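Student: This is the structure I want to talk about, given as C-alpha cells.
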C-alpha cells in the first residue's frame with residue numbers, strides 16, 4: 001500500500017453508518033432467502049474471489065468513472081433506463097467491496113484502519129448514486145422503504161401504464177409472455193454463472209384499486225461484455241430487456257434488492273393482465289419499445305426471443321460443460337465483481353482489463369478457495385457471522401438476531417489521530433484470465449459496435465431528459481408547478497410515440513387508464 005489521505009470526522013461518521021446499515025440489510029437478505037448453490041459452478045468460492053477483486057479495484061474504478069460523470073448524475077441516468085443499474089447492483093456496489101475488506105481483515109492482511117479514505121469514498125459514492133437514483137421515493141434502498149422500490153417518476157409510469165398490452169389467461173400474448181419470462185430467467189441465470197446478477201425487479205406501482213405494476217429488468221443477454229457469450233448469443237438482438245407487468249388481484253408487499261418479490265395472494269399466472277417490453281442502454285433515450293405495436297406483434301416478439309434464447313441456452317450449456325474449474329471461477333467471480341460495470345459504460349470509460357480480468361492481488365488466494373473452504377468460510381462470513389472480526393463485546397445485540405456481533409467491521413475513529421500518510425492501495429495492473437479473450441463486438445441500441453466506438457458514443461451522449469433544463473424536475477416540481485413550460489415540455493418528450501403523445505403534464509391515473517382502454 002502507498003500513502004493516502006484520511007477522512008475527516010463527519011465523513012467517517014457517515015462511513016460507519018453506511019457500513020452498519022449495509023451489514024444489517026445484507027444479514028436479513030442472506031438469512032431470509034435461499035442458499036446459493038450450484039451443481040456446476042463453485043459458487044461460494046467464486047463469490048469470495050469476486051469480493052477480493054472488488055476491494056482491490058472498486059476505489060480506483062469509481063474514481064475513473066467520476067472523471068466523466070459524477071455519482072449523482074449516474075444515479076439520474078440509471079433511474080431513466082434498465083440494464084445493470086437497478087437496486088441489485090446498487091446493493092452490491094458497497095457490499096461486495098466491504099465483504100472483500102472483511103475477508104482480508106480475517107486473514108490478518110488488513111487492519112480495519114487501513115485504506116480508510118477508500119472505504120469512505122466507496123460508501124460516499126454509493127450514497128450519492130443511490131440517493132439520486134431513488135430520489136422520487138426518497139429512500140436509499142429497498143430496506144428503508146419496507147422492501148419496496150418506486151424509483152420511476154410519474155411521467156415514465158404513465159407511459160408504461162398507457163402502453164401495456166392487455167392479455168388474459170389462455171390467449172396468445174399471455175402464453176407467450178409467460179413462456180418468455182420463464183425462458184429468459186433460466187437463460188439469465190446461466191449467463192450469470194447460476195446467480196441472480198442478470199435480473200432486477202422494482203416497484204410496485206398502483207394502477208388501480210386491485211391492480212399493480214412491477215418492472216422486471218434482464219441484462220447481459222446478447223454478445224457484449226461477457227467473453228463467454230461471444231459466438232453463443234449472436235442471434236439475440238438486445239443486451240437488455242425490460243418487461244412491465246400488470247398484476248390484478250394481488251398486492252406486492254415485498255420487492256427487495258435481490259430481485260425477490262412476494263404478494264398476497266400469491267402472484268400466479270392468471271393474475272397477469274397486461275405486459276410491455278422495452279430495451280435500453282447507455283446510448284438510448286430511456287426505454288425503447290420492442291414489438292409494442294399490438295398484442296399480436298408483442299406476442300410474436302416474445303415467441304421469437306424465446307426461441308433465440310432457448311438456442312443460446314443450449315449452446316452456453318455446451319460451452320460451460322467443457323470449462324475447467326479455473327474458467328468457472330473466473331466467469332463467476334467476474335459476474336459478481338462486474339455487477340456495476342454499466343456505470344463505466346455510461347461514462348464511456350469501460351476497459352476490458354478493468355472489468356473482465358481477475359486482479360492479481362486477488363488471484364493469489366485462488367489455491368485457498370477450494371470447494372470446502374469456500375462453502376465454510378462464506379457461510380461463516382454472511383450467514384453465521386462467526387468470524388473473529390465480527391464479534392463484539394457481550395453487552396451488544398445485533399439487529400435481527402440479538403447476538404453480540406457486527407456483520408462488517410467499522411473503521412476505528414482512532415484513524416483520525418494518525419500522523420503521516422495512511423496506507424493506500426497500489427494502482428490497478430494487468431489482470432489475469434483463464435477465459436477466451438473477449439471479441440471486440442458489443443450489442444447496443446445503436447447496433448454492433450467496437451468498444452472504442454461504444455465508449456466514444458457513450459462519452460458524447462446525454463439523454464434529452466437529462467438536459468440542464470429538465471434534470472432537476474421531479475414529481476414534487478410537477479405537483480406544485482404543473483403548468484410550467486419546462487414541465488410540460490419534459491412530459492411531452494416522454495410521451496413521444498406513445499398513446500399519451502402531446503398530452504403533457506396533468507393527467508391523472510384514471511385519465512391514463514381511460515386512454516389505455518380506448519386503445520383496446
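What follows is calculated from the coordinates using simple rules that are stated; it is not laboratory data. Predicted model, so just to flag it, every value in this text is computed and none were measured. Cβ placement follows ideal geometry from the backbone for every residue including glycine, while neighbour counts extend to all protein chains displayed.
Student: As an exercise, take the mean of 1/r over every pair of distinct alpha carbons in region 354-411, invert it, and state the Kirkwood radius in angstroms.
Tutor: Result for region 354-411, one decimal place: 13.5 Å.
Student: State the dimensionless ratio Rg/Rh of region 467-520 (Rg: radius of gyration of Cα atoms; Rh: Kirkwood radius).
Tutor: 1.01
Student: Still on this structure, please answer the following. How much length, in nm to one decimal, is gained on full extension between residue 179 and residue 466, taken as 0.36 nm per residue of separation minus their Cα-Cα distance?
Tutor: Residue separation times 0.36 nm, minus the Cα-Cα distance, leaves 99.7 nm.
Student: Give the calculated FRET efficiency between residue 475 and residue 210 to the nearest 0.05, with a Förster radius of 22 Å applied to their Cβ-Cβ distance.
Tutor: In this case the efficiency is close to 0.40.
Student: Radius of gyration and Dmax for region 1-158's Cα atoms, expressed in Å?
Tutor: Calculated on Cα positions, Rg and Dmax stand at 16.5, 53 Å.
Student: Can you give the log10 of the normalised intensity I(q)/I(0) at q = 0.10, 0.11 Å⁻¹, computed with Debye over equal Cα scatterers of the chain?
Tutor: -0.80, -0.97
Student: Next up: In percent, what relative contact order does the chain have, based on Cα pairs under 8 Å that are 6 or more apart in sequence?
Tutor: Normalised by residue count, the contact order of the chain is 24 percent.
Student: Still on this model: Can you give me the relative contact order of region 467-520 as a percent, contacts being Cα pairs under 8 Å and 6 or more apart?
Tutor: So the answer I get is 26 percent.
Student: Restricting to DSSP H runs of at least four residues, report the calculated mean residue ellipticity at 222 nm for the chain, -39500 (n - 2.57) per run over all residues, nearest 500 deg cm²/dmol.
Tutor: So the calculated ellipticity at 222 nm is -14000 deg cm²/dmol.
Student: Only counting other Cβ atoms within 10 Å, I'd like 39, 64, 341 sorted with the fewest neighbours first.
Tutor: By the 10 Å Cβ count, ascending, the order reads 39, 64, 341.
Student: Show me 125-135, 227-237, 454-464 ranked by packing, highest mean number of other Cβ atoms within 10 Å first.
Tutor: 125-135, 227-237, 454-464
Student: Calculate how steeply helix 154-163 sits against the longest principal axis of the alpha-carbon atoms of the chain, using the helix alpha-carbon long axis, and give the answer as 0 to 90 degrees to the nearest 10.
Tutor: Value to nearest ten degrees: 50.
Student: Going by C-beta contacts inside 10 Å, put 154, 246, 469 in order with the fewest on the left.
Tutor: Ordered from fewest to most neighbouring Cβ atoms within 10 Å, 154, 246, 469 come out as 469, 154, 246.
Student: Neighbouring Cβ atoms within 10 Å as the yardstick, rank 32, 444 fewest first.
Tutor: Result, fewest neighbours first: 32, 444.
Student: Quick one: compute the contact order of region 383-474, relative version, from alpha carbon pairs under 8 angstrom and 6+ residues apart, as a percent.
Tutor: 12
Student: On to the next question. Would you please put 85-97, 277-289 in order of how densely packed they are, using the mean number of other Cβ atoms within 10 angstrom per residue and starting with the highest?
Tutor: The most tightly packed comes first, giving 85-97, 277-289.
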